[in-house]
Every structure is written in structure tokens, then in C-alpha cells.
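Visitor: Okay, handing you the structure first.
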Amino acid sequence: MEEEIKEEFKKSGFSLDDEEEVLKKCLTFCINYNLKPSDLVSSWEVYYLNRLLDESTVRNAEMDGFLLHLQNEQKEAVVKEEPDLYIYSSKDVDMILNYDEEDMKEVPGTPTDKSLKLNSDPFNSTPKSYGNGYSSGKPSKLVTPFGRRTDKFVVKFNINSLPVVDNNDSEHDHGNLEDEIIRRAQPCKRCSLMVHRLGPEPGCRFMYDKIEDRFNALENRIRKHATALFASGLYEEPMDPTVASQRNIFAVGMICCDGEGRLNEKSIMLQSSVEHSGGRNVRLELHNLSQFSIFPGQIVGIEGQNPSGHCLIASKLVDSVPLSATVAVNQHPTKKQALDLVVESTDSSYVQKEISALFASGPFTTTDNLFFEPLTELLAYAGRKLPQLLVLMGPFIDSEHPEVKKGAVDRSFDELFCQEILRRLQDHVEYAGSNVRVILVPSIRDAQHDFVFPQPAFDIHLPNLEHQITGLTNPGIFEANQVKVGCCTVDILKQISGEEMSRNPTDGTPSDRMSRLANHIISQRSFYPLYPPAEDIPLDFSLAPEALHITSIPDILILPSDMKYFIKVLTLGEGEEQRKCICINPGRLAKGEGGGTFAELNYQGSPDKMNASIIGI
């Protein structure tokens, strides 16, 4: 049979290095796994492509890795036929032998409530994977850089306006087993949940937007802002800013740049609506303003003069819509009706606006492996704290991960998502009980999902858990216990930061840049007000453009970003109309080969009654 194996390798264009030893091992593989020589060579070709080997030479040094590949193939074939079957490997045996006799009572597999509670330390539960990337939840000799970190669950930042309650809960005092079981029997109260379904549906067609769609979307934004500003009664009816006039006028339009590159004082243009100026633009001069903050795509109101007809000299800039005015004017009647129906479906018997939640944004694994250790640590923390809501925002299977970019993954992206993400979440909710809810928000960096923005929700089908694990569009809005939460996984803060042009007050008043950037999202009533979009954003205006609109100010706004984590209380409006919104950037759960941060929130009706923390994983 060795000659047959040799011939099959030659047919496929492979030469053998250390021929005798390689053929001997290949013969053993054929016998042990009941493979024909042709099947063995086919498996080698898959292994060769996955490992990105440069030479068409079968080397003895690759035989150990090839053996693991064959074991994975055999295992996957059996699991497909019998999904509830667990296959033991030599690594599992080694793991059990290194455990105490008491731990041997539990075998690897889907953890039960008892096994997860007895055998896992919530603050030291990093899973170790064995060769093929599957994790058993048991410790092993393999220790990753993430596993060697020392500053676990350290509070990086905190806003606390609630009285401190001593719950005898600390990292080094977990109580005895009876206390743990009693606490486990009294989980958090289930929260109501209502999801605003305004985004595209799973399976939608995209990449079909036309210039007309983009034009209509921008025109509608300008028109809605103009109508809202006029309806507030604070400003006169907008006029054409391109017409020469010696008197003060009020105009509404979109900030543009007259060329390539960033905005500067000489390149600012104002493009008004078709209704008021035929869509023409005019140069905008802001030298009379003591402070401002603008970026391309921002809709603003301008008070000023245009004596020459070529340049509008601004005396006042209005960059937000008064809270008394509604931006949702002239909303498509069917969409408005659909939204009203969703709102009416809320559980009105629950009046307390209180919620406890954890917010985390991907990547959920470090760049040196696909073990998803940070995610497992987060779920262990959630299993201990038992918040009502666990909001996880992508990317889950990060297209920027080195192994994903190289194509060195031996499973499909969908399989990775199901096995490494959904299976862990399924275990978590089964352990935590029926009162816990999990919300998943996709990212355009998710390799297993549609690369389009706005983005449909994940199409999740988990028997008996559909009411606990919910998919949300990106961007998306949901209400939990009547607390309105908005989420967007596109890094709009970083993108606006790169395009913004601002002038700070000359009186030395300090300016909080992160609050200012976050305020742009609320004041523009759009999850993505930047235009033109960044090069890597697949913005499709033909897909539910209303999904980008923020029809009313949320209580909590989650904007994950590569910029430094923060929790800000944004104040909008003045006097009786004043509203507050909590804006949170939880940071990334994994950063390089180390851990990142996530956010924990206990909200009790208003930003003045909350405890919010940024915690290092």
C-alpha cells in the first residue's frame, strides 16, 4: 500500500521528503482511520492549503499536524451523524488524569448547572483548547498570554450615584457551596423586552443601491431638519443660501468639503435642499464664530449674510434639533404605523424603568488563537452577577483576526460562530435561568455575516431559547423595562474624530472631546451622520434608510470604539426640555494578545440614579 500512497502523492504533484518515514506514517494513518490512499492525499491537500505551505513537498515535520487534521475530520464526521455524542481524545484523558478524584466525577461535555457551579471558578475560568480549537472548560498545561494576566476584573472607571449595598461578594470570598446554591436559586427578575424592527431583514439583497437612493436619503435628512427647526418656532423659514442678500437669512444644509482631504477653513461648503436651492452649494465662512464643531455630512442651520452670492458669512450655527420638534416628520406612513404597533406591544403593566446589564464588544478572542478565552471569562462573570441583560456586540468571528485573514481555520465561519459563540451562550442561559436575556448585535467585521450597513440581525434558531437569545440589527434600538437603548457597532466616533473640524471657546472653557463626538450622534438624530462614509463602510441607502434614524433620544446609547473607553452623561436641550442620555463606549473585550474591557450598568430610572463601571476582563 505504501507504493499506492506514493503514486497518489505524485499524481497530485507532491514530492516526499524522508520518503521511508513519511510513507510509514501515512500507511499507519490509512489503517487507523480506514482511509484509501486517494482519500489520504485529498485530506493532505486540504491541510496543505489551510497551513499555507510554500513547497509542494510532504515533510516528516508536518506529520504531527496532519494527524491532528485527520482526527478533526473524523470527529466532525461523527458529530454530524450523532451531534450529542462526545468523542474523547488523548488530551481529554491527560486532562482527567491531572484532576483530583472529585473532579473526575464530571466528564467533558456540555456543562450542567451543577458541573459549571462546582468545577468553575468564575474569576479563573479561561478555557483551554486542545489542538482542534474546541474548548472543554477544564484547565490544561497550555497557558496563553491572556491566561497569564494578573489584573482580572479591575474597575477602570466608575460613576456611582447609588447607595452602596454590601452583598458580601468579592473576588476572594465566594462563600460556601450552600450559599452559592441558595443565591443561584434566586435569580434576577426577568425584564420586558421590545425590539424596534426597522432594519433590513435576514437574507435581504444588498449592493443594489443607486445614486438616486443616496440622493433621496441625503435630501430627506436636510428636509426633515429644516422642517423640524422651523416647526420649533425658534427660527424663521429656511431660505436659499446661494442668493445674494444684504439682510440676515436662515438656511439649512449639509456640511461638505469642496475637494479631497479634510475640512479646513477655506474648503467648507453648505449644500441646501432641492426645495430651497435646487441642491446647489455655497462656500461657508465661519470666522465670526467663537466656537463650532463640524464634519462632512452634518446637517446645520446657519444664520448669516451672503452679500456677494458666493459666500455665506455665518453669525450663528445651529447643529441640533430642538427637543420639542420631531425629526420624524413626513415619515413613510407604513413605517410609522409599524413602529407604533411595536411600541404598543410593550408590557405596560411594568412601570419601573430599572435595568441591570453588561455590555461587551468584540473581538471576543485574542489575536494569537481562536480559543475565545475573553468571552468565556465574561460569561463566567455574568454567571456570577446574573444581570438581566447581556448585550454582546460584534465582531464575533472577526474578519481582521490573523488566522481568519490567512484562511488557516479548519472550519467554516458559520460553524465557528455556532460552536464557539452560540454554544457558549446556550450553556450560559441554561445555567443562569429563564430570567436572563442575551442580545447579539452584528458587526460589518463579522466574517460569517452580511457585509453591509445597515446590517440585518443574526438569523438565530435555538430550540427553546428563542425568547432568551435575541438578534438585533446594526444599528438597532430596543427597550428593556421601558428603558430605551440604542446600539451601533460601526466605529462612528473614530471616523467622525478623523473628519471633524472644531474651534474651542476663546475664554478657556474646557472642552470634552469625547462628549462632543458622542453629542453629534444625538444632535444629528442619526447613527451614521458622516457623509461621504469611510472607505471601509459598505453603506447601502437602498436598505431601510430609516434604520439609521434616531427617532427619539434613547436613555442609553452604546457606541463601541477603538478609542478609549468612557461613560458620559450627555445633556441635551435647555430648561424644561432638558434631557439626559448615558453614552457608553465599553471598549473591546480583547486587545491583541491581552484582555480589554466591558461595561456594567445598574440603571434605576435616570442618569442620576445609576452605577456604571468600565471593567478590565
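Visitor: Somewhere in the stretch 288-300, is a residue out of contact with any Gly (no Cβ under 7 Å at 6 or more places or on another chain), modelled with pLDDT of 95 or more, farther than 27 Å from A547 by Cα and of a type in the set (V, I, T)?
Guide: no
Visitor: Looking at L53, L70, L40, which is the one that is outside any helix (DSSP H, G or I) and either out of contact with any Ser or Thr (no Cβ under 6 Å at 6 or more places or on another chain) or aliphatic (A, V, I, L, M) (or both)?
Guide: On the way: L70 fails: outside any helix (DSSP H, G or I); L40 fails: outside any helix (DSSP H, G or I).
Just a single option satisfies the conditions, and that option is L53.
This table checks each residue for (1) closer than 22 Å to C311 by Cα; (2) open to solvent by less than 60 Å² (accessible area, probe 1.4 Å).
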site: K224; (1), (2): no, yes
site: P238; (1), (2): yes, yes
site: V243; (1), (2): yes, no
site: Q246; (1), (2): yes, no
site: V252; (1), (2): yes, yes
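Visitor: Please determine whether any residue of the stretch 526-547 is open to solvent by 20 Å² or more (accessible area, probe 1.4 Å) and assigned to a helix (DSSP H, G or I).
Guide: Yes: the stretch 526-547 contains one or more residues that are open to solvent by 20 Å² or more (accessible area, probe 1.4 Å) and assigned to a helix (DSSP H, G or I).
Visitor: Say we look at the stretch 368-379 and pick out the residues that are open to solvent by 10 Å² or more (accessible area, probe 1.4 Å) and at pLDDT 95 or above; which of these is farthest from I556 (Cα to Cα)?
Guide: T376
Visitor: Filter the stretch 399-419 down to the residues that are in a loop (DSSP other than H, G, I, E, B) and farther than 17 Å from R445 by Cα, then identify the one that is least open to solvent (accessible area, probe 1.4 Å).
Guide: Looking only at the stretch 399-419, we keep the residues that are in a loop (DSSP other than H, G, I, E, B), and these are 399-401, 407-412.
In the following step, the residues that additionally are farther than 17 Å from R445 by Cα were identified as 408, 410-411.
Numbers: A408: 39, D410: 58, R411: 20 Å².
The residue in question is R411.
Visitor: Hey, among the residues in the stretch 195-228 that are part of a helix (DSSP H, G or I) and of a type in the set (A, V, I, L, M, F, W, C), which one's farthest from K484 (Cα to Cα)? Show your work before the answer.
Guide: Pass one, the stretch 195-228, residues part of a helix (DSSP H, G or I): 211-228.
If we keep only those that are of a type in the set (A, V, I, L, M, F, W, C) too, we end up with 211, 215, 217-218, 222, 226, 228.
Values: I211: 34, F215: 31, A217: 25, L218: 26, I222: 26, A226: 26, A228: 22 Å.
The extreme case among them is I211.
Visitor: Residues that are more than 16 Å from S552 (Cα to Cα), at pLDDT 80 or above and within 28 Å of the chain's Cα centre (by Cα): does the stretch 333-345 have at least one?
Guide: no
Visitor: Are any residues in the stretch 198-212 touching a residue at least 60 places away in the same chain (Cβ under 8 Å), more than 24 Å from the chain's Cα centre (by Cα) and loosely packed, with under 15 Cβ neighbours inside 10 Å, and if so, which ones?
Guide: Looking only at the stretch 198-212, we keep the residues that are touching a residue at least 60 places away in the same chain (Cβ under 8 Å), and these are 198-204, 206-210.
Those still in the list that are more than 24 Å from the chain's Cα centre (by Cα) too: 208-210.
Within the stretch 198-212, Y208, K210 meet the criteria.
Visitor: Under 9 Å by Cβ, and 6 or more places apart or on different chains, what pairs join a residue from the stretch 544-555 that is on the phi > 0 side of the Ramachandran plot with one that is at pLDDT 90 or above and of a type in the set (A, V, I, L, M)?
Guide: Matching pairs, first to second residue: none at all.
Visitor: Considering only residues that are charged (D, E, K, R) and over 24 Å from C188 (Cα atoms), which ones fall in the stretch 448-504? Give the steps one after another, and end with the answer.
Guide: Here is the first cut: in the stretch 448-504, the residues charged (D, E, K, R) are 450, 459, 466, 479, 484, 491, 494, 499-500, 503.
Those that are charged (D, E, K, R) and over 24 Å from C188 (Cα atoms): D450, D459, D491, K494, E499, E500, R503.
Visitor: Need the failing condition index for E535 against (1) without any contact (Cβ under 8 Å) to a residue 12 or more places away in the chain; (2) under 19 Å from A228 (Cβ atoms), just the number.
Guide: Here E535 clears every test but (2).
Visitor: Scan the stretch 281-308 and report the pairs whose first residue is outside any strand (DSSP E or B) and whose second residue is acidic (D, E) and open to solvent by 10 Å² or more (accessible area, probe 1.4 Å), with Cβ atoms within less than 8 Å and a gap of 6+ or a chain change.
Guide: That search, which allows pairs on different chains as well, returns L286/E265; H287/E265; F295/E499; F295/E500; P296/E499; Q298/D319.
Visitor: Output the residues belonging to the stretch 15-28 that are buried (at least 18 other Cβ atoms within 10 Å of the Cβ) and either among the aromatic types (F, W, Y) or free of Cβ contacts under 8 Å to residues at least 12 places away in the same chain (or both).
Guide: Within the stretch 15-28, no residue meets the criteria.
Visitor: One residue is enough: does the stretch 503-511 have a residue meeting the conditions over 18 Å from the mean Cα position of the chain (by Cα), over 22 Å from I294 (Cα atoms) and touching a residue at least 24 places away in the same chain (Cβ under 8 Å)? Before you say what the answer is, go through the steps one by one.
Guide: Taking the stretch 503-511 first, the residues over 18 Å from the mean Cα position of the chain (by Cα) are 503-511.
From what's left, over 22 Å from I294 (Cα atoms): none.
No, because not a single residue in the stretch 503-511 is over 18 Å from the mean Cα position of the chain (by Cα), over 22 Å from I294 (Cα atoms) and touching a residue at least 24 places away in the same chain (Cβ under 8 Å).
Visitor: Consider only pairs whose beta carbons are under 7 Å apart and that are at least six residues apart or on different chains; among these, list those whose first residue lies in the stretch 48-61 and is in contact (Cβ under 8 Å) with a residue 12 or more places away in the chain and closer than 17 Å to K11 by Cβ and whose second residue is loosely packed, with under 14 Cβ neighbours inside 10 Å and of a type in the set (S, T, Y).
Guide: S56/S15; T57/S15
Visitor: Can you work out which of the residues in the stretch 29-65 that are among the polar types (S, T, N, Q) and modelled with pLDDT of 85 or more is least open to solvent (accessible area, probe 1.4 Å)?
Guide: Pass one, the stretch 29-65, residues among the polar types (S, T, N, Q): 32, 34, 38, 42-43, 50, 56-57, 60.
Next, from what is left, pick out any that are modelled with pLDDT of 85 or more: 32, 34, 38, 42-43, 57, 60.
Numbers: N32: 106, N34: 140, S38: 46, S42: 60, S43: 12, T57: 29, N60: 45 Å².
The residue in question is S43.
Visitor: Something else: Determine whether L422 is open to solvent by less than 40 Å² (accessible area, probe 1.4 Å), within 28 Å of F527 (Cβ to Cβ) and in contact with a helix residue (DSSP H, G or I) (Cβ under 9 Å, 6 or more places away or on another chain).
Guide: Numbers: open to solvent by less than 40 Å² (accessible area, probe 1.4 Å): yes; within 28 Å of F527 (Cβ to Cβ): yes; in contact with a helix residue (DSSP H, G or I) (Cβ under 9 Å, 6 or more places away or on another chain): no.
Here the answer is no, as L422 does not meet what is asked.
Visitor: Is it the case that the stretch 388-395 has a residue that's at pLDDT 95 or above, over 21 Å from H467 (Cβ atoms) and not in a loop (DSSP other than H, G, I, E, B)?
Guide: Scanning the stretch 388-395 turns up no residue that is at pLDDT 95 or above, over 21 Å from H467 (Cβ atoms) and not in a loop (DSSP other than H, G, I, E, B).
Visitor: Just to confirm my filter: which strands (runs of 3 or more DSSP E) fall fully inside the stretch 557-617 and include at least 3 residues that are open to solvent by 10 Å² or more (accessible area, probe 1.4 Å)? Steps first, answer last, please.
Guide: Working: elements: 566-572, 579-585, 597-606, 609-616.
So the answer is 566-572, 597-606, 609-616.
The values are calculated or read from the model by the stated rules, or taken from the named source; none is laboratory data. None of these values were measured; they are calculated from a predicted model. Counting neighbours? That spans all protein chains shown, and the Cβs are built from the backbone with ideal geometry, glycine included. Just so you know, the surface numbers come from the protein's heavy atoms only, side chains and all, with ligands and any DNA or RNA stripped out. Shrake-Rupley method; radii C 1.70, N 1.55, O 1.52, S 1.80 Å.
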